[in-house]
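Undergrad: Below is the structure I would like to discuss, written out as structure tokens.
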Amino acid sequence: MRAWEQARLDALTVDIFGFNAMQIGIPEINALQAKRMPNKWVSNMHMPSLASSESSIPVVVVHDFAELPYASQSLDLVVLPHALEFSSEPHQVLREVERVLIPEGQLIVCGFNPASLWGMRQVAGRLTGAHFLPQDGEFISLPRLKDWLKLLNMEINRGHFGCYAPPCRTKKWLNRFSFMENAGDRWWPYFGAVYMVQAIKRVKGMRLIGPAWSKNSAKRTQGLPATNKINQSKIEN
């Protein structure tokens, strides 16, 4: 799953231009490694342990996802790899992201799809106690996420589904079900275990205009008669 997300993130972010990019959550995934922006940061809710820090990119900001410590309209790109699912206030996180994004700024969200084999396995794990994924996560369906983004004037640009194989713990069984990846993209594309959505912040009423090259002043107005000229012969008669 991490390999699939890394490949999709590299493809989505390589052509996004700007100055400031921020990844919020999951430092084990380097979501900004393909970016060419001069300023790139990673934030999380806690500092990683010494053992996990060797395999992850360094965290530069520690904060609550529901209260982003950034100025309004200061970021060109924000990536949320599974940050909404493990937040107690996912809608508030999106509101904060909308606040810190510049107009036409971009947002990328990674999430687990509840309408998938992995989602069914997670539901069964809550009943049996044998969890396949972290039990603290609350899966957010794609239609629900789209409604939230629409309320914040975030326009969906593109999206991807992936990881159609059953939830197996061993590489041996994952390889046996590898044929389902290509089949899933063609026959049941909306039932992938994970999804990735790219959205753009739209600002209503904003219009980009160029400089006023013509500096010619307005011409002087000329007066016009208000009535027609009276025939002099008619007055003499």
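Undergrad: In the stretch 73-109, which residue that is out of contact with any Gly (no Cβ under 6 Å at 6 or more places or on another chain) and of a type in the set (G, A, S) is surrounded by the fewest Cβ atoms within 10 Å (Cβ to Cβ)?
TA: Filtering first and then ranking leaves S88.
Undergrad: Enumerate the helices (runs of 4 or more DSSP H) found wholly within the stretch 116-198, keeping only those where 3 or more residues are in contact (Cβ under 8 Å) with a residue 24 or more places away in the chain and among the aliphatic types (A, V, I, L, M). Before you say what the answer is, go through the steps one by one.
TA: On the way: elements: 117-128, 142-151, 171-176, 179-187.
Because the criterion is at least 3 residues that are in contact (Cβ under 8 Å) with a residue 24 or more places away in the chain and among the aliphatic types (A, V, I, L, M), the helices (runs of 4 or more DSSP H) in the stretch 116-198 that meet it are 142-151.
Undergrad: Continuing with the same structure: When you scan the stretch 173-180, do you find a residue that is within 17 Å of the chain's Cα centre (by Cα) and open to solvent by 60 Å² or more (accessible area, probe 1.4 Å), even just one? Let's see the steps before the verdict.
TA: The initial filter retains those residues of the stretch 173-180 that are within 17 Å of the chain's Cα centre (by Cα), namely none.
No, every residue in the stretch 173-180 fails to be within 17 Å of the chain's Cα centre (by Cα) and open to solvent by 60 Å² or more (accessible area, probe 1.4 Å).
Undergrad: Report every pair of residues separated by at least 6 positions or lying on different chains whose Cβ atoms are under 6 Å apart, first residue within the stretch 77-98 and more than 18 Å from I29 (Cα to Cα), second open to solvent by 20 Å² or more (accessible area, probe 1.4 Å) and outside any loop (DSSP other than H, G, I, E, B).
TA: H91/W148; L94/W148
Undergrad: Any idea which residue in the stretch 130-170 is nearest to the chain's Cα centre (by Cα), counting only those that are at pLDDT below 80 and over 16 Å from G192 (Cβ atoms)?
TA: Restricting to residues being at pLDDT below 80 and over 16 Å from G192 (Cβ atoms), the top hit is G137.
Undergrad: A further question on this structure: Residues to consider are L68, L77, L84; find the one that is closer than 25 Å to K35 by Cα, among the hydrophobic types (A, V, I, L, M, F, W, C), assigned to a loop (DSSP other than H, G, I, E, B) and touching a Ser or Thr at 6+ places or on another chain (Cβ under 9 Å). Please lay out each step first, then the result.
TA: On the way: L77 fails: assigned to a loop (DSSP other than H, G, I, E, B); L84 fails: touching a Ser or Thr at 6+ places or on another chain (Cβ under 9 Å).
Answer to the selection: L68.
Undergrad: State yes or no: is H160 exposed (fewer than 15 other Cβ atoms within 10 Å of the Cβ) and either closer than 23 Å to P90 by Cβ or among the aromatic types (F, W, Y) (or both)? Spell out the reasoning first.
TA: On the way: exposed (fewer than 15 other Cβ atoms within 10 Å of the Cβ): no; either closer than 23 Å to P90 by Cβ or among the aromatic types (F, W, Y) (or both): yes.
Against the criterion (exposed (fewer than 15 other Cβ atoms within 10 Å of the Cβ) and either closer than 23 Å to P90 by Cβ or among the aromatic types (F, W, Y) (or both)), H160 does not qualify.
The values are calculated or read from the model by the stated rules, or taken from the named source; none is laboratory data. The shown structure was predicted, so the numbers you read here are calculated from the model rather than taken from an experiment. Here the Cβ is made from the backbone with ideal geometry for all residues, glycine too, and neighbour counts use every protein chain on show. For the accessible areas, the whole protein counts, side chains as well, though only heavy atoms, and no ligand, DNA or RNA atoms are used. Shrake-Rupley method; radii C 1.70, N 1.55, O 1.52, S 1.80 Å.
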